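Okay, so here's the structure we're looking at.
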Amino acid sequence: MAVLLYYQTVNTGGEIVKRLNQNVVNKNINVLKALRGWTDEEIAFKIGLSSSGYAKRKKNGNWSLNEAQCLSGLAGVTIEEFFLHEYLPNGKL
């Protein structure tokens, strides 16, 4: 099951659309990599994905709840913080 609870609501011409702000997630992953000195492959292993599965998730934003919990746990923040708030290298991560 995808992480549907952490989607951002967007109004497009009267129609409400929900979509994940994948740019925030990818920026937070990059901050996590920089601060911990990890590679994409290491993060993939730590959250239980193959390198190709991890690359697909980064591209399409279709993270499972377990994967979202693992990512946020690696960063030491809540799922909401990791998926909805951008962190700077000197930020909370």
Open item on the list: Within region 64-84, take every residue that is of a type in the set (Ser, Thr, Tyr) and within 19 Å of Phe45 (Cβ to Cβ) and give me the one that is surrounded by the fewest Cβ atoms within 10 Å (Cβ to Cβ).
Closed with: Ser64
Open item on the list: Can you tell me which condition Tyr87 does not meet? The list is (1) touching a residue at least 60 places away in the same chain (Cβ under 8 Å); (2) crowded, with 18+ Cβ neighbours inside 10 Å; (3) part of a helix (DSSP H, G or I), and all the others hold.
Closed with: (3)
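Where residues in region 9-61 are modelled with pLDDT under 75 and on the phi > 0 side of the Ramachandran plot, which of them is most open to solvent (accessible area, probe 1.4 Å)? Reasoning before the result, please.
Of the residues in region 9-61, the ones modelled with pLDDT under 75 are 9-21.
From what's left, on the phi > 0 side of the Ramachandran plot: 13-14.
Values: Gly13: 89, Gly14: 70 Å².
Among residues in region 9-61 that are modelled with pLDDT under 75 and on the phi > 0 side of the Ramachandran plot, the one most open to solvent (accessible area, probe 1.4 Å) is Gly13.
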Open item on the list: Any residue in region 22-46 that is under 14 Å from Tyr87 (Cα atoms) sitting within a Cβ distance under 7 Å of a residue that is among the small types (Gly, Ala, Ser) and surrounded by 14 or more Cβ atoms within 10 Å (Cβ to Cβ)? List the pairs, counting only those 6 or more apart or interchain.
Closed with: Gln22/Gly61; Val25/Gly61; Asn28/Ala75; Leu32/Ala75
- [ ] Kindly indicate whether Leu84 is within 11 Å of the chain's Cα centre (by Cα) and modelled with pLDDT under 85.
- [x] yes
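The values are calculated or read from the model by the stated rules, or taken from the named source; none is laboratory data. Since we're looking at a predicted model, the values are computed, not measured. Glycine gets a Cβ as well: all are built from the backbone with ideal geometry, and neighbour counts include every protein chain shown. The accessibility values were calculated without ligands, DNA or RNA, using every heavy atom of the protein model including side chains. Shrake-Rupley method; radii C 1.70, N 1.55, O 1.52, S 1.80 Å.
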